[in-house]
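Shown next, in structure tokens, is the structure this report addresses.
Every number here is computed from the coordinates shown, using simple stated rules; none is lab data. What you see is a predicted model; the values in this text were computed from it and never measured. Here the Cβ positions follow ideal geometry from the backbone for every residue, glycine too, while neighbour counts run over all protein chains shown.
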Amino acid sequence: MRELSGKVAVVTGASSGIGRALAVRFAAEGMSLMLADVDARGLTETAAMASEAAAMASGDSGAVSTGSGGKVLTQITDVSDAPAVHHLANRAFGELGGVHVLCNNAGVFQGGRMWTRTEEDFAWLLGVNVWGVLHGIREFVPRMIEQDTEGHIVNSVSVAGLFAGPNLGGQAVSKYAALAASQALAHDLRQVGSKLRVTALCPGGVRTGISRSERVRPADLAVARTRDDLSSQEWLDEVVDKGVDPAEVADATVDAIRDERFLVLTHEGYERSLREQISALLDGEIPEPPDYE
Ligand SMILES: NC(=O)c1ccc[n+]([C@@H]2O[C@H](COP(=O)([O-])OP(=O)(O)OC[C@H]3O[C@@H](n4cnc5c(N)ncnc54)[C@H](O)[C@@H]3O)[C@@H](O)[C@H]2O)c1
């Protein structure tokens, strides 16, 4: 889809990090937005930033609507909750007249050894990182197909969806599933001759709030932290600190939408690591994890 101006984007996990950067970039492109997250304050801030970006791009001083007459709407949404995502889709299609770009971006991080992870850990990770993507696909894609226009689904996967490294088990389980969902969706859409395209966004380190995911962990899924889990979080803090700016990820996403690119890697080293991983697997060996960047 080359032309974004005048189209509608839905972004989950829009209160922070990559979701916020996507919202700002889409607004600057002249898109209308439906922004969703569990964090109400962050959502309000992102909506204001998106409105400002739109106004700047259009040379307009107003701060409530995007330059091309688009709107910025927000909806508190827990993406792991099917009725909440159903309501989000109803509002987006009902109030914005359609959806052209869906970013299933909301996600959380939880590290630690495979055998120390609790049911609550997996329920949280799979709820947000997997069910969040699946609910987005189930609620939006049929209506986007029905709409019969060009469109694009962007799933925020991760480098953890490509390499299952040590002390990252639950994260890798959830992100491998998100990658599988993206790939299977792309095949299904192609097989039915749809105009919709798919991108699996696989960033390495990006300077966001992801290593502080516990801030949005539901109380009923909270468990005592373990040493391995905390050391994984410390490791991620460093990766994130050295990471790229979220705006770069938003730029790469817009390029992928325009160029109809499926896999987006934000760090060059991962391409070589992926090829080495395939060779190792075919040789019957456990692939070496990459130098996470
Ligand atoms: N930052 C990185 O280094 C990195 C690397 C690889 C992949 N990713 C992925 O990018 C995506 C965006 O993360 P980020 O890095 O911007 O982190 P972030 O923590 O800054 O943003 C994530 C957003 O998701 C929201 N969220 C969490 N649970 C939610 C739920 N149940 N429903 C709705 N919203 C929820 C949070 O409130 C937050 O606003 C995630 O899917 C993450 O796994 C990030």
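Annotations
- Members of the stretch 74-94 that are away from the ligand (no atom under 13 Å from the Cβ) and either in contact with a Ser or Thr (Cβ under 7 Å, 6 or more places away or on another chain) or assigned to a strand (DSSP E or B) (or both): none
- The stretch 19-62: number of residues that are aliphatic (A, V, I, L, M), within 16 Å of the ligand (Cβ to nearest atom) and part of a helix (DSSP H, G or I): 10
- Within the stretch 235-261, the set of residues being hydrophobic (A, V, I, L, M, F, W, C) and more than 20 Å from Phe26 (Cβ to Cβ) comprises Trp235, Leu236, Val239, Val240.
- Among the candidates Thr199, Thr266, Thr226, the residue that is farther than 28 Å from Gly112 by Cβ and polar (S, T, N, Q) is uniquely Thr199.
- From the list Val141, Val128, Val198, the one residue that fits, being among the β-branched types (Val, Ile, Thr), part of a helix (DSSP H, G or I) and under 13 Å from the mean Cα position of the chain (by Cα), is Val128.
- The single condition from (1) within 9 Å of the ligand (Cβ to nearest atom); (2) farther than 17 Å from Thr266 by Cα; (3) in contact (Cβ under 8 Å) with a residue 40 or more places away in the chain; (4) not hydrophobic (A, V, I, L, M, F, W, C) that Gly204 fails is (2).
- Residues satisfying the stated conditions in the stretch 270-293, i.e. over 20 Å from Trp235 (Cα atoms) and part of a helix (DSSP H, G or I): Glu271, Arg272, Leu274, Arg275, Glu276, Gln277, Ile278, Ser279, Ala280, Leu281, Leu282
- Count - residues of the stretch 165-186 that are over 21 Å from Trp131 (Cβ atoms) and either touching a Ser or Thr at 6+ places or on another chain (Cβ under 8 Å) or assigned to a helix (DSSP H, G or I) (or both): 1
- Residue ID - nearest to the chain's Cα centre (by Cα), chosen from residues in the stretch 210-219 that are under 27 Å from Leu274 (Cβ atoms) and near the ligand (Cβ under 7 Å from one of its atoms): Ile210
Matching residues to (1) touching a residue at least 40 places away in the same chain (Cβ under 8 Å); (2) charged (D, E, K, R); (3) more than 9 Å from the ligand (Cβ to nearest atom):
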site	(1), (2), (3)
Pro142	no, no, yes
Gly151	yes, no, yes
Ser156	yes, no, no
Phe163	yes, no, yes
Gln191	no, no, yes
Ala222	yes, no, yes
Asp229	yes, yes, yes
Gln233	yes, no, yes
Glu238	no, yes, yes
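- Subset of the stretch 95-117 that is in contact with a helix residue (DSSP H, G or I) (Cβ under 8 Å, 6 or more places away or on another chain) and part of a helix (DSSP H, G or I) - its residue that is farthest from Gln171 (Cα to Cα): Thr116
- With respect to (1) of a type outside the set (Phe, Trp, Tyr); (2) closer than 19 Å to Asn167 by Cα; (3) in a loop (DSSP other than H, G, I, E, B), the lone exception for Glu120 is condition (3).
- Take the conditions (1) surrounded by fewer than 22 Cβ atoms within 10 Å (Cβ to Cβ); (2) under 18 Å from Val249 (Cα atoms); Gly59 misses just one of them, which is (2).
- Selected residue (criterion: surrounded by the fewest Cβ atoms within 10 Å (Cβ to Cβ)) from residues of the stretch 245-269 that are out of contact with any helix residue (DSSP H, G or I) (no Cβ under 9 Å at 6 or more places or on another chain) and of a type in the set (Gly, Ala, Ser): Gly269
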